[in-house]
Each structure stands twice: as C-alpha cells, then as structure tokens.
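The values are calculated or read from the model by the stated rules, or taken from the named source; none is laboratory data. Note that this is a predicted model, so its numbers are computed, not measured. Cβ atoms come from the backbone with ideal geometry, glycine included; neighbour counts cover every protein chain shown.
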Ligand code: NDP
C-alpha cells in the first residue's frame, strides 16, 4: 500500500509520502539504540516531566491534530477531539504513576533463599518496534509509547500506511517534549519491510495492534528471533442482554458500542445476544436508534457516523452482509450517503446463523449481528462460540447471574452494565485469537521490561 493520506469522505488522495530508504531506516535504528542508552540513565522524574510536556503540547495542538485524524481515517471530529484529550490523559497517567508501577519489590524474608537481601527490579529492554493500525491513529500509539518511554525504552513506530500525517506528528511530538533525539521515531515503511526490522539485533521487542494475519506474521518473526511480542488483534465482542436488564440503557449503549469510531474499533460490540423474553422490546429500540443515526461528513459536528476508513474495508462489509442475506439473514438498513466517500449505512442483521460469515468474522464497520438466546446458558454458549476473546459486555440486574457471566465469558475483559472502553488505569488485551499479553496499567508497562531478580549475601 502506498504511504498516503486519502480522505475517506471524498475518496481523494490528498498527500503522498516517500518511504524511508534502507539508509534512513539504518540511521534511525542507530539513533534508537543510542537514545535507549541515554534514556536508561535518566530518572523517572525526568521522563515524567517530558511526558507531561508531551501532554501539554497535545492539548495546545488539539484542534489541528483532531483534523488530521478526521481527514486521514474519517472519524467524526468530536471523536477525534476526544481521542486527543484521552492521549493527553494517558501520557499524564504514566508520568504520575509509572515509577510506582516499576518500583523495586523486596522478598520479605530473604533468609529463605539464603540471602541477606533479595528483590526484583524492572529495567528497560531497549528499542521496541510498534506496528500500529489506523483506527485510533494517536491513542493506539500513545498507549504503547507512554508506558514504554516511562520505563526507559526507545520506541520505533511503523504506523499504518494510510495515516502518515498522524505518524509524522507523533514523530515530532516526543522530541519537542524534550525526550532525547531518537527516543521515539517513525519509520515510514510498508508492511513488507517490518520483518527485516524485527530481525535487526537492535530491536529488542515488538508490539502489534491490527488484523490476525498481520499479528501471526509479526509473532512468527519475533518467535524466530526470540523476542518479546505483544499482540492486540481485534475481536467480535458479545453484548449480552438478559431479562432483568435496564433495556432503555442497554439499547442506547448498544448503539454507541457498535458505532463508536464509525464501527471500526477492536472492542466495539459486534454480536448482540438477546434473551428471547426481551428480544422484541430490545431489538425494536436498538433498530430504531441505529436507523436514526446521522451518517455523513465527519467534519460536520452533527454527524454520528462518518465513512469507513478505506475502500477495502467498505468492500469487506458489503461482502459480509451480502453473504448473510443470501443465507437468509434479514437486514434493517439506516441512512445511506451518495457520492464518492466510503460510507456504509448502519445495518442490523437478524436471523443470523452459524453458516454465515458474520457469525464468525469481525465486522469492522456499523454492522450489528443480533442473535436470539433461549436462556442465560444459551447466551453464554453463543458468546463463547468464537475464535476471538477480547472483551465482552453483559446486561443484568441480577448479581448472581452477573457473577456467572464474569466467570464464564472467555474474554480478556467483562463489562457489566456498560460498554467496553480502554482506560489507562486498567489492563487491556485478549485471549484466543484476540492476542497475547496486555497493554496499559501496571501489567502493560511491565511487558517491555526486564524483571531482574537480585540476590545478595
Ligand atoms: P492490518 O493488520 O493490515 O494493519 C495494521 C498494521 O499492521 C499496519 O501498520 C500494517 O501496515 C501492518 N501490517 C499489515 N500486514 C503486516 C504484516 N504481514 N507484517 C507486518 N505488519 C503488517 O489491518 P488493516 O488495516 O488491513 O485492517 C484489516 C482488518 O484488521 C480490519 O478489518 C479489522 O478486522 C482488523 N483491524 C483490527 C484493529 C484493531 O484495533 N485490533 C485495527 C485495524 C484493523 P500497512 O498499513 O503498511 O499495511
């Protein structure tokens, strides 16, 4: 894929960018290694001050930065502004709490291991490669970069080829915040050159957020090189509605959880599993609200749902929905937008069966799959009948039932009576084909550290 900004609202290429040649990639790898040695010698207080400076710059530059996101991948301008604000908050969170998360941990009674003192300490690994997607062009990167830089690692970003202006903005942000030159850099390269970078001896670990095939390929290279890898590969999160739920709140939240980011979020609710006793009432409210969403220009403040980020992404949705309808699903379709933009109408699919691709595959756009459950056990069985395991949401006012779902759902997270959101304060990641490892919180910051055991007599 060429490295370019193509506005999804018009389908027009607005800017193209040259890839970095081999010499430039080599220069950046050398710089990353140098910077990681420099960073390692700085204090947490110093890194914290630089992260605070980055948060301040982001806030000062919020409006122009939000416009970059909307122009490059089509998210609504209000959601773009919210993403920028969330990044500033995330940077401050690791600035304020990172040192405590990485504090030394002593063994209370060192005599049991024959030592005078024994403890563990966290040390940085060195340059970490981050292969990142276009759907949250700033947040996906910041949720890697803030903890990684606080821990003293250098970051190398290979961003998605359709968000180059966001990638270059991030390249400049950390340097302007005071971090040593090379502490965080963008590599302007296509996916085909990622393998070579992972295999470079200066790169110590790799993280990827994106599709399953991309994750498998990165994990294979990292495995062959015995390098730490963290993967976040999307999901088909269930949103389960049980009879005791507050149906009004559940329906309104279901709409928000499905169409967040124009439906292109790994943790968007994708499969709506509804108990038969409340099926008609819930689905009527859900369909009505999906149908009432305003689809259109993402720069228009009144728009709820903008275009799909890429032409290929829209084609995938068209094919998935056509396959379901051909096999007997019924579709209720919301507002369509004529013209050259890559718009896709909010769509609710009912009468879905396991013979349809939508039953198994991730729908990356405003398409909801609704499934009817005969009872709570059936709902849980449908929820777990997937190769993914990122997050989940269950709606009930019965505490015992909630506890059963909390324990029974095969997922990296369970949200009870709320939609899944990634918070800097909480660990984030999946099981099964949704990924390996965790981002965010103490667990996330420690992923790219050497946990060193110290024994002294
Ligand atoms: P990709 O997984 O292809 O892209 C994500 C990142 O990985 C990009 O930087 C991409 O680079 C890079 N990449 C792609 N293939 C490889 C590879 N073989 N080796 C190394 N790096 C690679 O996502 P798409 O944009 O193609 O989206 C396809 C689907 O992926 C979506 O429909 C959705 O299902 C899922 N997805 C999930 C996301 C999530 O948040 N978990 C985010 C985005 C997509 P380049 O752009 O240069 O190809």
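Miscellaneous remarks
- Residue within the range 202-215 that is in a helix (DSSP H, G or I), near the ligand (Cβ under 8 Å from one of its atoms) and out of contact with any strand residue (DSSP E or B) (no Cβ under 8 Å at 6 or more places or on another chain) present: yes
- One residue from 302, 309 being part of a loop (DSSP other than H, G, I, E, B), more than 25 Å from residue 283 (Cβ to Cβ) and within 16 Å of the ligand (Cβ to nearest atom): 309
- Subset of the range 216-232 [over 15 Å from residue 432 (Cβ atoms) and in a strand (DSSP E or B)]: 228, 229, 230
- Criterion: surrounded by fewer than 24 Cβ atoms within 10 Å (Cβ to Cβ), in contact with a strand residue (DSSP E or B) (Cβ under 9 Å, 6 or more places away or on another chain) and not in a loop (DSSP other than H, G, I, E, B) - qualifying residue of 258, 249: 249
- Of all residues in the range 345-386, those being in contact (Cβ under 8 Å) with a residue 60 or more places away in the chain and part of a loop (DSSP other than H, G, I, E, B) number 10.
- Test: residue 280 is in a loop (DSSP other than H, G, I, E, B), surrounded by fewer than 18 Cβ atoms within 10 Å (Cβ to Cβ) and out of contact with any helix residue (DSSP H, G or I) (no Cβ under 9 Å at 6 or more places or on another chain): no
- Within the range 102-140, the set of residues being assigned to a helix (DSSP H, G or I), in contact with a strand residue (DSSP E or B) (Cβ under 8 Å, 6 or more places away or on another chain) and either at pLDDT below 95 or away from the ligand (no atom under 16 Å from the Cβ) (or both) comprises 110, 113.
- Test: residue in the range 9-30 that is under 21 Å from the mean Cα position of the chain (by Cα), on the phi < 0 side of the Ramachandran plot and assigned to a helix (DSSP H, G or I): no
- Criterion: part of a helix (DSSP H, G or I) and either surrounded by 15 or more Cβ atoms within 10 Å (Cβ to Cβ) or within 15 Å of the ligand (Cβ to nearest atom) (or both) - qualifying residue of 235, 178, 196, 182: 196
- Within the range 146-157, the presence of at least one residue that is within 12 Å of the ligand (Cβ to nearest atom), in contact with a strand residue (DSSP E or B) (Cβ under 9 Å, 6 or more places away or on another chain) and closer than 27 Å to residue 201 by Cβ is confirmed.
- Residue in the range 422-443 that is touching a strand residue (DSSP E or B) at 6+ places or on another chain (Cβ under 8 Å) and within 20 Å of residue 253 (Cα to Cα) present: yes
- All conditions but one from (1) crowded, with 21+ Cβ neighbours inside 10 Å; (2) within 10 Å of the ligand (Cβ to nearest atom); (3) within 20 Å of the chain's Cα centre (by Cα) apply to residue 229; the one that does not is (2).
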